[in-house]
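Novice: Questions regarding the structure given below will be posed in turn.
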Amino acid sequence: MRTFDYLRAENVTSAIAEAAKPETRYLAGGTTLVDLMKLNVERPEHLVDITRLPGLDTIEVSTDVIRIGALAKMSKVAADTDIIGAAPVLSESLWRAASAQLRNMASIGGNLMQRTRCIYFRDPGAYSNCNKRNPGSGCAALEGVNRNHAVLGTSDACIAIYPGDFAVSLVAFDATVLISGSIERRVPIDEFYLLPGQTPNLEHQLAPGEMIVGIEIPHVAALKRSHYLKVRDRASYEFAAASAAVGIEFEADGRTVRDVRIAVGGVATKPWRLRAVEDALKGKSIDEAMLRTAAAAAVDGAKSSGHNAFKIELTPKVVARALMTVGDIA
Ligand SMILES: Cc1cc2nc3c(=O)[nH]c(=O)nc-3n(C[C@H](O)[C@H](O)[C@H](O)COP(=O)(O)OP(=O)(O)OC[C@H]3O[C@@H](n4cnc5c(N)ncnc54)[C@H](O)[C@@H]3O)c2cc1C
Ligand code: SF4
């Protein structure tokens, strides 16, 4: 059995000071971290429990910005009536994730920091060859069972998917991650997640000891008419096979696109913004045929590893269907 220290932090400053020690992890809801410790994937020597830090569980919806604290529970944000009214995509991407029990435990900060569900990554006893867990050791998924792996943003070192849902809607709507550490800083969420390249062990911009304290989402009009479509093998308690976070703002005629936001999940190594599809739709009057044509660009550059080829066919359909929903096209 491996031992570790446990400390409950009283405030953000003391938590950050404690987390400066090597091999330290913050403990929020524990629904990812404790799992990975049991699997011997995460092997921290120190845990800093941040669940009781004051003031980090707030939700504010103003005319300019939506601000969510890192310790707000997934279930609380999903059920917040102001969020549901202002930005359905945020609520939907949360309540379609995991299960009710998990959402009651899990925090927004922990959700952003969840790790891949690659079966080889999660099984160090059977597979030593995982570049993410054990840099330079190879990638068992390339020649293995890779139905649930990525087709976008991959490298020859790693094809693991970023599995979360909420971050997909945050990427579509240009959220900012609020970070505390030796300095306070703000990182656009699209830059927060890193592509695997030759260093899949590096997944995000957070330096050791830094803490996510919240996120901010600009309160744009397209949020009001937004949606998260998640396609998966079963209707609940399952990660996405492919998902789309979309939002649209029409001109006064109710058909011409003034602004549109699209990102996909379940198919890429990080939440994946589809700017080319957005550009193809802006200023155009939409109907089903043109949405399907534009959505084909969703998989530009996609690469199959074998079992996951179906995602290349599925993703444009998910994008088109999500856009038809927000565009009121039957
Ligand atoms: C069976 C199962 C099914 C799931 N299905 C889905 C799904 O369909 N969609 C989905 O999106 N998610 C899914 N999840 C993942 C779930 O949403 C995450 O486990 C959860 O959001 C993590 O939050 P937490 O507070 O429990 O994080 P923890 O487990 O406490 O922490 C996770 C990681 O984040 C770090 N961390 C936590 N808070 C902070 C912070 N504020 N700043 C910096 N680092 C921090 C921790 O150190 C740790 O490394 C599933 C999980 C399980 C177990
Ligand atoms: S896909 Fe990435 S996480 Fe999975 S085995 Fe390969 S290197 Fe490891």
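Novice: Mind listing whichever residues of the stretch 146-185 are polar (S, T, N, Q) and either touching an Asp or Glu at 6+ places or on another chain (Cβ under 6 Å) or away from ligand 2 (no atom under 16 Å from the Cβ) (or both)?
Specialist: Filtering the stretch 146-185 down to residues polar (S, T, N, Q) leaves 146, 148, 154-155, 169, 176, 180, 182.
The answer is S169, T176, S180, S182.
Novice: For the condition of a type outside the set (S, T, N, Q) and in contact with a helix residue (DSSP H, G or I) (Cβ under 8 Å, 6 or more places away or on another chain), what is the one hit in K284, K303? Before you say what the answer is, go through the steps one by one.
Specialist: Details: K303 fails: in contact with a helix residue (DSSP H, G or I) (Cβ under 8 Å, 6 or more places away or on another chain).
Result of the check over K284, K303: K284.
Novice: Residues in the stretch 97-119 that are crowded, with 24+ Cβ neighbours inside 10 Å, near ligand 1 (Cβ under 6 Å from one of its atoms), of a type outside the set (A, V, I, L, M) and within 19 Å of S243 (Cα to Cα): how many?
Specialist: 1
Residue-wise test of (1) β-branched (V, I, T); (2) surrounded by fewer than 16 Cβ atoms within 10 Å (Cβ to Cβ); (3) over 17 Å from A28 (Cβ atoms); (4) touching a helix residue (DSSP H, G or I) at 6+ places or on another chain (Cβ under 6 Å).
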position	(1), (2), (3), (4)
D64	no, yes, yes, no
A78	no, no, no, yes
W95	no, no, yes, yes
F121	no, no, yes, no
K132	no, no, yes, no
C139	no, no, yes, no
A150	no, no, yes, no
T154	yes, no, yes, no
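Novice: Taking V257, is it surrounded by 24 or more Cβ atoms within 10 Å (Cβ to Cβ), more than 13 Å from the chain's Cα centre (by Cα) and not polar (S, T, N, Q)?
Specialist: no
Novice: Just name the residue that is farthest from ligand 2 (Cβ to nearest atom) out of those in the stretch 89-135 that are within 18 Å of E42 (Cβ to Cβ) and in a helix (DSSP H, G or I). Outline the logic, then answer.
Specialist: Initially, the stretch 89-135 is screened for residues within 18 Å of E42 (Cβ to Cβ), giving 102, 105-107, 109-128, 130-135.
Okay, now just the ones that are also in a helix (DSSP H, G or I), so 102, 105, 109-112.
Numbers: L102: 22, M105: 25, G109: 22, G110: 19, N111: 19, L112: 18 Å.
Among those that are within 18 Å of E42 (Cβ to Cβ) and in a helix (DSSP H, G or I), it is M105.
Novice: Of all residues in the stretch 31-41 being out of contact with any Asp or Glu (no Cβ under 9 Å at 6 or more places or on another chain) and part of a loop (DSSP other than H, G, I, E, B), which is farthest from Y127 (Cα to Cα)?
Specialist: T31
Novice: Quick one: count up the residues across the stretch 136-162 that are within 15 Å of T315 (Cα to Cα) and assigned to a loop (DSSP other than H, G, I, E, B). Before you say what the answer is, go through the steps one by one.
Specialist: Filtering the stretch 136-162 down to residues within 15 Å of T315 (Cα to Cα) leaves 147-153, 161.
Add one more test, that the residue is assigned to a loop (DSSP other than H, G, I, E, B), and what stays is 147-151, 153, 161.
Matching residues across the stretch 136-162 total 7.
Novice: Of all residues in the stretch 233-257, which are modelled with pLDDT of 95 or more, under 26 Å from A86 (Cβ atoms) and part of a loop (DSSP other than H, G, I, E, B)?
Specialist: Within the stretch 233-257, A240, E251, A252 meet the criteria.
The values are calculated or read from the model by the stated rules, or taken from the named source; none is laboratory data. Not measured: the values here are computed from a predicted model. Glycine also receives a Cβ, built like all others from the backbone with ideal geometry; neighbour counts cover every protein chain displayed.
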